[in-house]
1. Here are some residues: V150, V161. Which one is part of a helix (DSSP H, G or I), within 16 Å of the ligand (Cβ to nearest atom) and within 30 Å of L346 (Cα to Cα)?
2. All but one of (1) surrounded by fewer than 23 Cβ atoms within 10 Å (Cβ to Cβ); (2) more than 16 Å from the ligand (Cβ to nearest atom); (3) on the phi < 0 side of the Ramachandran plot; (4) at pLDDT 95 or above hold for G26; which doesn't?
3. Of all residues in region 29-64, count the ones that are farther than 13 Å from A171 by Cα and within 15 Å of the ligand (Cβ to nearest atom).
4. Could you list, in sequence order, the residues of region 278-301 that are hydrophobic (A, V, I, L, M, F, W, C) and closer than 14 Å to V255 by Cβ?
5. Are any residues in region 77-99 surrounded by fewer than 24 Cβ atoms within 10 Å (Cβ to Cβ), within 16 Å of the ligand (Cβ to nearest atom) and modelled with pLDDT of 95 or more, and if so, which ones?
6. Determine, yes or no, whether L307 is touching a strand residue (DSSP E or B) at 6+ places or on another chain (Cβ under 6 Å), closer than 27 Å to M9 by Cβ and modelled with pLDDT of 95 or more.
7. Failed condition for K248, given (1) part of a loop (DSSP other than H, G, I, E, B); (2) more than 21 Å from the chain's Cα centre (by Cα), with all others met?
8. Test G102 against the criterion of being within 16 Å of the chain's Cα centre (by Cα), crowded, with 24+ Cβ neighbours inside 10 Å and either over 20 Å from G42 (Cα atoms) or within 15 Å of the ligand (Cβ to nearest atom) (or both), and give yes or no.
Amino acid sequence: AKSGYDHYMLKEIHEQPRALRKCLRGRVDELTGSVEVESLAGLDPESVQFVACGTSYHAALFGARLLRESGVHAQAFLASEYATAPPPISDGGLVVGVTQSGETADTLAALREARRRGVETLAMTNVVGSTAARECDRTLFIRAGPEIGVAATKTFSSQVVAANLLAGVVASGDDAREIVEALRDLPGQVQAILDDTRAAKVAETYVDSEGYFFVGRGHHYPVALEGALKMKEITYKHAEGFPAGELKHGPLALVTDETPVFAVVTGDGPEATKTVGNVKEVEARDAPVVAVTDGASDAGRFADAVLEIPETHPRVAPVLANVQLQLVAYHVAKRLGRSIDKPRNLAKSVTVE
Ligand code: F6R
């Protein structure tokens with residue numbers, strides 16, 4: 001069943017090009033840049049609240065950011081917090097539950113709270129026929145195929161792509177064509193990263209480190225959180241992800257030559273320049289820096305190692321950066337002999353609040 005791979009996690013990491021193609025099939029028009037998803041027809045929310053847990057919450061943060069960029073009021077909430085203290089929402093609002101399994105109790109509770117208030121709901125899920133899919137007014141299936149490893153990998157990538165589809169439907173902007181083209185090229189670019197051996201080498205170099213930090217800004221902030229979550233889940237080592245700008249507001253005190261810092265930086269705009277500034281602060285503390293970058297900025301110059309990713313649209317780049325971080329976490333866990341597909345204390349689907 002693992003098709004020659006040592007673990008389901010690695011198999012599922014390698015399934016990403018195919019999963020992403022399936023997520024896009026029949027939903028985008030490259031000529032016009034338009035996105036058409038039947039189940040989202042006529043969707044035009046005044047505001048959007050995303051609710052989710054864990055990895056899906058990171059995809060939700062990304063989704064909210066995309067919508068805000070296009071002028072839609074949007075925020076992401078941890079489902080467990082939302083369910084007990086739901087924030088106000090306007091009449092024409094939409095609550096989007098991002099849940100791979102469609103069975104996460106906290107996310108279902110948040111969605112039910114939204115329904116109780118008469119708000120329209122959308123399930124962004126991998127499982128047709130799941131509770132979330134059945135209970136919500138609308139569905140957006142991410143089509144990643146079954147995920148068996150407890151650590152979410154391909155479903156995160158598919159959620160990020162699905163978030164782009166949702167943004168394309170409710171708030172299509174001037175660069176719609178470029179985004180659709182970038183989405184079309186994404187599966188091939190993911191494949192190029194999978195064929196690259198650098199992440200395995202970085203894992204070998206830093207496997208004995210005390211802990212790991214991950215920083216990113218803007219579109220890459222959720223990637224920093226996700227990189228850290230994956231690392232802690234499957235390696236059992238301390239890992240934390242931050243928005244790059246937060247480092248100096250506390251976490252920097254923990255940064256030493258024993259704690260590699262993974263910095264995700266793409267493009268050469270103001271966000272990249274600021275993150276490179278943060279990288280320099282870290283370098284001055286003698287921490288090893290691993291730059292996950294497309295090479296457009298000079299982040300690589302201040303790094304001890306570089307994990308390269310192809311250039312693409314900023315809304316798509318997080319998928320590529322995250323694939324490199326998935327591979328690093330996997331290879332560190334493998335070297336440590338961890339139970340990668342079934343980490344201790346964790347379950348694939350968390351059905352209690
Ligand atoms: C992390 C992971 C969890 C899930 C979370 C939500 O690798 O798998 O953090 O993302 O439990 O699960 P779903 O998406 O099924 O609601």
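The values are calculated or read from the model by the stated rules, or taken from the named source; none is laboratory data. The structure presented is a predicted model; accordingly, all values stated were derived computationally and were not measured. All Cβ positions, even for glycine, are placed from backbone atoms using ideal geometry, and neighbour counts span all protein chains on display.
1. That would be V161, the only listed residue that is part of a helix (DSSP H, G or I), within 16 Å of the ligand (Cβ to nearest atom) and within 30 Å of L346 (Cα to Cα).
2. Failed condition: (3).
3. Total satisfying the criteria: 13.
4. Listed by number, the residues that qualify are V279, V282, A284, A287, V289, V290.
5. Within region 77-99, F77, L78, S80, E81 qualify.
6. Answer is yes for this residue.
7. Only one criterion in (1) part of a loop (DSSP other than H, G, I, E, B); (2) more than 21 Å from the chain's Cα centre (by Cα) is unmet by K248, namely (1).
8. In short, no.
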